[in-house]
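A short write-up of the structure that comes next.
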Amino acid sequence: MPKPLRVGMIGYGFMGRAHSNAYRKVNQFFDLPYQPVLQACCARKEENIRAFAEQWGYASYETDWKKLIARDDIDLIDIGTPNNTHRDMALAAAEAGKMVLCEKPLAMNVAEGEEMCAAIEKAGVANMVWFNYRRVPAISLAKQIVDEGRIGRAFHYRATYLQDWTIATDVPQGGAALWRLDVDAAGSGVTGDLLAHSIDTAEWLNGPIRRVSAATETFVKERVHAETGQVQPVGIDDACMFLAVFDNGSMGTFESTRYARGRKNFNTFELNGENGSVYFDLEDPHILQYFKYADPKSGEKIESHLTGWQRIHVTNSEHPYMDHWWVPGCTIGYEHTFINAVADFLEGLDSGKPVQPDFRSALRTQKVCDAVLDSARSGQWVEIAR
Ligand code: SOE
């Protein structure tokens, strides 16, 4: 029988739902040493959190996160609230000896992230940051292909993360729905929100980024603030592009915007190496494209008239995570990446191999994000602090 793990969920928006769904489903599909119990959820507005607790089956709710963290019937705190709350909640949860799962990006900036890592490590509590895209089976397969040495020496890494939901000038900033547009709540715009995902994936697949040169733009300079009703300057980056040099000598380009008309969640990457390439597009999430020029594992060199991009439908039971889901050919979706992540987290509690990315690993991503924003401000190349 799996041991119960009592969850205290802070936040009930998009991520509160995605994480709660993962806790509810994970033991139905994975044999695990632990079983999450939806013990309590928390948000400031009582009527909202009561409704959320009823809908998702939480046994109780709180309207003050400090009370939630202080409860002795909670083992794990999940932080699914805006970025400017992560630090205080993580510090308090670590001090109370709770496990901490935190939504991405880790923090508002590196200074906060350092404090959070120190607190978590001092407390010795299990932790994870929800960079869920690592758990898209096609992205995990790309990682497997790279780790098997099939790409060979890497030359280029190319990432895009494009959306189009903030083009209208009358979209307000701030408040529960649109805090991502408010620099005081989010810390940055597309850099922390979208490029953080791209950077996490890039460093996972292609190793550390050494230096960056970036430019950002804010297309709509003022927006009404949903809470004050006043027109206020927009402090976030609407778009960001940066060049990167990786430790392995390869070159990278990263582009992100919320102004790419027609692009909804266009999270793509391509890695080009000496022996092959991989390409992924989240709008086609069960496909990994792989170009095999040579196979260093078997020594095979593909005859040139037979080379070409393979579209691997990543739904076979040999593919990452897929033996837990349906039969070959049947796809899984966005919400399953969170379920796969919780499964890995719970597995890691017992296996002695803690899950990744943990806070320390997410701090790396934070360092790259901060360096990108520094570079955009200064117009200079910026080295990533170790
Ligand atoms: C922004 O629109 C957003 O919801 C991000 O915050 C998520 O991290 C991303 O996965 C989808 O887009």
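The values are calculated or read from the model by the stated rules, or taken from the named source; none is laboratory data. What you see is a predicted model, and the numbers here were worked out from it, not measured in a lab. Ideal geometry is used to build each Cβ from the backbone, glycine not excepted, and the neighbour counts take in all protein chains shown.
Need the failing condition index for Ile77 against (1) surrounded by 23 or more Cβ atoms within 10 Å (Cβ to Cβ); (2) in a loop (DSSP other than H, G, I, E, B); (3) of a type outside the set (S, T, N, Q), just the number.
With respect to (1) surrounded by 23 or more Cβ atoms within 10 Å (Cβ to Cβ); (2) in a loop (DSSP other than H, G, I, E, B); (3) of a type outside the set (S, T, N, Q), Ile77 is out only on (2).
Across the range 309-359, which residue is nearest to Glu283 (Cα to Cα) among those that are out of contact with any helix residue (DSSP H, G or I) (no Cβ under 7 Å at 6 or more places or on another chain) and at pLDDT below 95?
If we take residues in the range 309-359 being out of contact with any helix residue (DSSP H, G or I) (no Cβ under 7 Å at 6 or more places or on another chain) and at pLDDT below 95, then Lys353 is nearest to Glu283 (Cα to Cα).
Could you run through the range 118-133 and say how many residues are surrounded by fewer than 22 Cβ atoms within 10 Å (Cβ to Cβ) and either touching a residue at least 24 places away in the same chain (Cβ under 8 Å) or under 13 Å from Phe280 (Cα atoms) (or both)? It would help to see each step written out before you state the result.
Pass one, the range 118-133, residues surrounded by fewer than 22 Cβ atoms within 10 Å (Cβ to Cβ): 118-119, 121-126.
Subsequent filtering for residues that are either touching a residue at least 24 places away in the same chain (Cβ under 8 Å) or under 13 Å from Phe280 (Cα atoms) (or both) retains 119, 121-123, 125-126.
Summing the residues that are surrounded by fewer than 22 Cβ atoms within 10 Å (Cβ to Cβ) and either touching a residue at least 24 places away in the same chain (Cβ under 8 Å) or under 13 Å from Phe280 (Cα atoms) (or both) in the range 118-133 gives 6.
Conditions first: (1) within 15 Å of the ligand (Cβ to nearest atom); (2) surrounded by 16 or more Cβ atoms within 10 Å (Cβ to Cβ). Gly174 passes all but one, so which condition is the exception?
(1)
With respect to Leu306, determine if the residue is of a type in the set (A, V, I, L, M, F, W, C) and modelled with pLDDT of 95 or more.
So Leu306 fails the test.
Could you please find all residues in the range 238-249 being touching an Asp or Glu at 6+ places or on another chain (Cβ under 7 Å) and either of a type outside the set (A, V, I, L, M, F, W, C) or in a loop (DSSP other than H, G, I, E, B) (or both)?
Asp238
Scan the range 254-313 for residues that are of a type in the set (S, T, N, Q) and not in a strand (DSSP E or B) and jot them down.
Scanning the range 254-313 gives Asn265, Asn275, Ser298, Ser304, Thr307.
Just one of Arg158, Arg223, Arg150 is touching a Pro at 6+ places or on another chain (Cβ under 8 Å), basic (Lys, Arg), within 29 Å of Pro285 (Cα to Cα) and in the same structural domain as Lys297 (by TED's automatic domain parsing); which is it?
Numbers: Arg158 fails: touching a Pro at 6+ places or on another chain (Cβ under 8 Å); Arg223 fails: within 29 Å of Pro285 (Cα to Cα).
Every option except Arg150 fails the conditions.
Report yes if some residue within the range 371-384 is surrounded by 12 or more Cβ atoms within 10 Å (Cβ to Cβ), part of a helix (DSSP H, G or I) and among the basic types (Lys, Arg); otherwise report no.
Among the residues of the range 371-384, not one is surrounded by 12 or more Cβ atoms within 10 Å (Cβ to Cβ), part of a helix (DSSP H, G or I) and among the basic types (Lys, Arg), which makes the answer no.
Please go through the range 193-213 and pick out each residue that is within 14 Å of the chain's Cα centre (by Cα) and polar (S, T, N, Q).
Matches in the range 193-213: Ser198, Thr201.
Of these, Tyr157, Tyr161, which one is within 16 Å of the ligand (Cβ to nearest atom), touching a residue at least 60 places away in the same chain (Cβ under 8 Å) and surrounded by 22 or more Cβ atoms within 10 Å (Cβ to Cβ)?
Tyr161
Which residue out of Leu106, Leu101, Leu91 is at pLDDT 95 or above, assigned to a strand (DSSP E or B) and hydrophobic (A, V, I, L, M, F, W, C)?
Of the residues listed, the single one that is at pLDDT 95 or above, assigned to a strand (DSSP E or B) and hydrophobic (A, V, I, L, M, F, W, C) is Leu101.
Which one of the conditions (1) closer than 15 Å to Glu112 by Cα; (2) not in a helix (DSSP H, G or I) does Trp326 fail to meet, given that it meets all the rest?
Among (1) closer than 15 Å to Glu112 by Cα; (2) not in a helix (DSSP H, G or I), the lone unmet condition for Trp326 is (1).
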